[in-house]
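Contents: one structure, followed by commentary.
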């Protein structure tokens, strides 16, 4: 199985079929911006962006990683809050707007808010899939 995690290709030869994407992100990749709040997909604390190729174009949508099995992201790109900005020294415009407008509150649901906003703006988003990766 292969997929992109932010900008890095991931290839897995085997994994438990009941592994959730959230479990993989937090334990195997130490990407802990997405959190488990309700474990039922209701609260949004575990939200990530999934980019899929549809008719030759990328389609972005937010998904709940706590109820998405790891195998479901094969040949897709998963974008976590850690990977929203291609430049690690600056925030993504959505993140910066949250900071500027004092919108992050406690930070627990911050990832969900950023990802849903990002998906809403997806038609304006530049293509982020590396040229050498073809799902």
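The values are calculated or read from the model by the stated rules, or taken from the named source; none is laboratory data. Here the structure is a predicted model, which is why all the values come from computation and not from measurement. Methodologically, a virtual Cβ is constructed for each residue, glycine included, from the backbone with ideal geometry; neighbour enumeration extends over all protein chains shown.
Which one of 65, 85 is within 21 Å of residue 45 (Cα to Cα) and modelled with pLDDT of 90 or more?
Criteria check complete, one pass: 65.
Filtering the range 48-67 down to residues that are at negative phi and not in a strand (DSSP E or B), which residue is surrounded by the most Cβ atoms within 10 Å (Cβ to Cβ)?
This residue is 65.
State all residues of the range 14-47 that are modelled with pLDDT of 90 or more and part of a loop (DSSP other than H, G, I, E, B); if no residue qualifies, say none.
14, 15, 16, 17, 18, 19, 29
Would you say residue 68 is in contact (Cβ under 8 Å) with a residue 24 or more places away in the chain, over 30 Å from residue 101 (Cα atoms) and under 14 Å from the mean Cα position of the chain (by Cα)?
yes
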